[in-house]
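Below you'll find the structure, written out as structure tokens, and then a few comments.
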Amino acid sequence: MLRSIWLVARREYLGYVSAIGFWLGLILTPLGLAVGLLVPSLIMQAQPARYYTVIDSRDDVYEALNWQFESWQNFDTKIALRQALSTVTPAKKRRAISVYEKAFADGASPQEALDQADLPFPMEAAPVTFHPIRIKNESVDEIEQILSSGQTFDGPSGKQTLFAAIVVKRDQVGDISSVDYISPDIVNGELRQATTGALKYLSRIQLLESAGVTTDEVRNADADIPSLFVRKPGTNTPNDNQSNEVTLTDRAPFVAATSIAIALWLLIFSVVNFLLTGTIEERSNKIFDSLLTSVSVTNLLAGKLLGVLMLSATLLGAWLLMAIWAGLNIDSAISPAAWEFARAALDPALIVPALAGFLAGYLMYGAIFLALGALCDTIQEAQALATPLILLLTTPLFIVIMALQNPASGFVFTMSWVPLLTPFLMILRAPLEPPLIEIIGHLLVMIVSTSFAVWCSIRVYRAGAVNGFGMKEITAFFKTKFLKKAKD
Amino acid sequence: MNSPLPDTQTPLELRCASKFFKGKAAVNQVSFSAPKGEILGFLGPNGAGKSTSLRMALGVLAPDDGEAYLFGEKPNLKNLHRVGFLPEERGLYRKMTTRGIISYYGRLKGMDRKTSLLRADEMLERYGLGKQIKSKISDLSKGMAQKVQILATLVHKPDLIILDEPFSGLDPVNQHDLEMLIREEHERGATIIFSTHVMEHAERLCDRLVIIGKGEKRFDGTIDEAMSLIPETADISTEGDFDLHAALEKSGFTSEYDKTDENGKHWRIDLSHGERAQDVLRAAINAGAPITSFTPHRAKLRDVFVSLVGEDLNDEETA
């Protein structure tokens, strides 16, 4: 019995592995994922430096806009600094951030503040893509002429055309009456947004100045906003506020669990498709009768499921090796974080439910797709039959995404008992360290529902493979059941 | 009354087997057996229930009534390993090589990898597919692919070979090759059952025939027994005005005058069951008939087939 299962599994495995589609999937999936992850930062990095000018009789809007861009640069730099410091001790992290913040508040630029923070690694401040250009004594008409003619100007990024001009109009007492934003680029809204922010800031400053608060005092107040450090409850003394701070190590299991749940869904739906198409090939090529005099239906199904499981293991193994290679070779500032996630993902408390979930999910969904394939002669038929099923089966992904922020919610807990969702939501809840009774309950749900799915699948498969039961009969069944009722 | 125990020496036996689809009997109370070493022709028109009977015999379909035995036991994977089955609806994994698929079927039947590969190579070489050893099934012609499937059926040297319509789809050369292959397997000691529409194949190959129509068995016996179902006829030509009709009437034979030409008079004699053409010839000679030619006509299997299931064929056409 085991021999025939192994022979079927081996044939299935070699059949898929020798197909070019498998290798394309093996290489393109992580490549696509990497591109997807890198695209936002690549877009950021590839953003060209842009020049703008402010046409105004005074300098306050110009300065407010500079301040606005510097604030944004400070904000982005601080996020990057926190991420970069995620693997150092909380005390070192806190010290470095404090030094940075103090330096910035004292008037240092983000890059100067970073240089003063005594970091264990070199770091650059977040880039600023908009640079002001001084153009004196030009009228609005002349500025518009410059913008449309493509005239270039010297600046921090060499010769560039003018991206936009901000024309400030004032009344007789010098108050701003309106501001025109003139640019040939109608898509990029970053400078528009910065201008709005700068005008709001200016308005606030002017109001506070009229109340006797100086501009420097306002800026210092902004820079003195204390940092928020997130901590978990622990045994630290009231004065020891550096321990129990929530670090990447604490968050890693949740991120890893979510990643595993999504990866599990993707993997299951990538490989069960092989089962569907493989079974359709057997049915359409009339292979069943030859096979069924050599191997039982149960062994045939078991062999096919095992073969595709081996395929999944190969995919996972290859992707894991690629991830390790990438982890060892990508930028040193990112790799400690990657290792932190990897360590969390390989924690037995997570990996055991993940493996159990994968096995149950794969068997359950695999059996369903096998049965489906046995009823169809063509991919088109399978698509017609599978569409409502696929819609149903995408539910787990939506639930997983919805559960990202709050895996402990009652809704997620309730949904985790729905057999189709259990394999995914069980993994998502694993970092919460659920009670033993819940773990046992989930395992039982998976065992019972998977067994039931396989049992049904064997029967449907037999009906399709042996008796030729197919779309025609299904259509007739639904017509008899529902159209007759509708007529009645 | 208890039915007798199945004979372990009999490769295949169906006992009163019935199968119903949507309430209609596809096979109704069919019984037959294939004794060891025999070539059994399983004949019947389209939809007669041949494939259903064979699938029941192999345990692919469970009979709704009656029993099927292989080597004295209900069909199971153990005794099915002794069977080679070529189904009517044929197909192979299109992406596998000819060598790979023959070896795969061999291993499913219990052969080890090395032996199955050696045997696949040997069979492909021997039956004219040596150049296609590494070809994929999708690259072969339909006839070649069918040949590969036949080889895959025989790779493990089965004791019982069941071929469902093996000649359909093959050109005359390949049909001849297949006949040769069947004879070789028979000489090896295998029991062979095949269904066919081509009576000539059955006539040339079979020891015994089972004919079914509308799911019921119509005939089970040797070729000679089948032939004897339709009486023989004979044509005799005589010189001059000799009255053969009167001469043979005295011996109990009925003859009919056909025509007269430059060769003399021509007579047609219809024989009854059990009467043979040489008996007529002897009676004519004894009566002093000036015979110029004598042509006996033995019934053909096609005539037997039509006489047994001809109505089914008509019904099928009407339907």
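The values are calculated or read from the model by the stated rules, or taken from the named source; none is laboratory data. None of the values given here were measured: they were computed from a predicted structure. A quick note on method: Cβ atoms are made from the backbone with ideal geometry, for glycine too, and the neighbour counts reach across all protein chains shown. Quick note on the areas: whole protein, heavy atoms, side chains included, nothing else; ligands and nucleic acids left out. Shrake-Rupley method; radii C 1.70, N 1.55, O 1.52, S 1.80 Å.
Values for this structure:
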item: The one condition in (1) modelled with pLDDT under 90; (2) assigned to a loop (DSSP other than H, G, I, E, B); (3) not aromatic (Phe, Trp, Tyr) that B:SER138 fails to fulfil; result: (2)
item: Residues being in contact (Cβ under 8 Å) with a residue 60 or more places away in the chain and either surrounded by fewer than 14 Cβ atoms within 10 Å (Cβ to Cβ) or more than 13 Å from chain B (Cβ to nearest Cβ) (or both) - total across segment A:460-477; result: 6
item: Where B:ASP7 falls short, out of the listed (1) assigned by TED's automatic domain parsing to the domain that holds B:VAL83; (2) charged (D, E, K, R); (3) open to solvent by 40 Å² or more (accessible area, probe 1.4 Å); result: (1)
item: Residue list for segment B:44-80, filter: open to solvent by less than 30 Å² (accessible area, probe 1.4 Å) and among the aliphatic types (A, V, I, L, M); result: B:ALA48, B:LEU54, B:MET56, B:ALA57, B:LEU58, B:VAL60, B:LEU61, B:ALA68, B:LEU70, B:LEU80
item: Hits in segment A:247-288 (condition: within 13 Å of chain B (Cβ to nearest Cβ) and without any contact (Cβ under 8 Å) to a residue 40 or more places away in the chain); result: A:GLU281, A:ASN285, A:LYS286, A:ILE287
item: Cβ pairs under 8 Å, 6+ apart, first in segment B:48-66 and away from chain A (no Cβ under 14 Å), second in a helix (DSSP H, G or I); result: B:ALA48/B:VAL309; B:ALA48/B:ASP312
item: Test: B:THR233 is of a type outside the set (Gly, Ala, Ser), open to solvent by less than 70 Å² (accessible area, probe 1.4 Å) and more than 30 Å from B:GLN29 (Cα to Cα); result: yes
item: Yes/no for A:SER71 being modelled with pLDDT of 85 or more and open to solvent by 20 Å² or more (accessible area, probe 1.4 Å); result: yes
item: Top-ranked residue of segment B:91-119 - restricted to ones that are open to solvent by 50 Å² or more (accessible area, probe 1.4 Å) and under 21 Å from A:ASN285 (Cβ atoms), ranked as farthest from the other protein chains (Cβ to nearest Cβ); result: B:ARG99
item: Residues located in segment B:81-90, provided they are within 9 Å of chain A (Cβ to nearest Cβ), assigned to a loop (DSSP other than H, G, I, E, B) and open to solvent by 10 Å² or more (accessible area, probe 1.4 Å); result: B:HIS81, B:GLU88, B:GLU89, B:ARG90
item: Selected residue (criterion: most open to solvent (accessible area, probe 1.4 Å)) from residues of segment B:270-305 that are of a type in the set (S, T, N, Q) and without any contact (Cβ under 8 Å) to a residue 40 or more places away in the chain; result: B:ASN286
item: Scan of segment B:127-158 for residues that are surrounded by fewer than 18 Cβ atoms within 10 Å (Cβ to Cβ) and either among the polar types (S, T, N, Q) or not assigned by TED's automatic domain parsing to the domain that holds B:GLU89 (or both), ordered by number; result: B:SER135, B:SER138, B:SER141
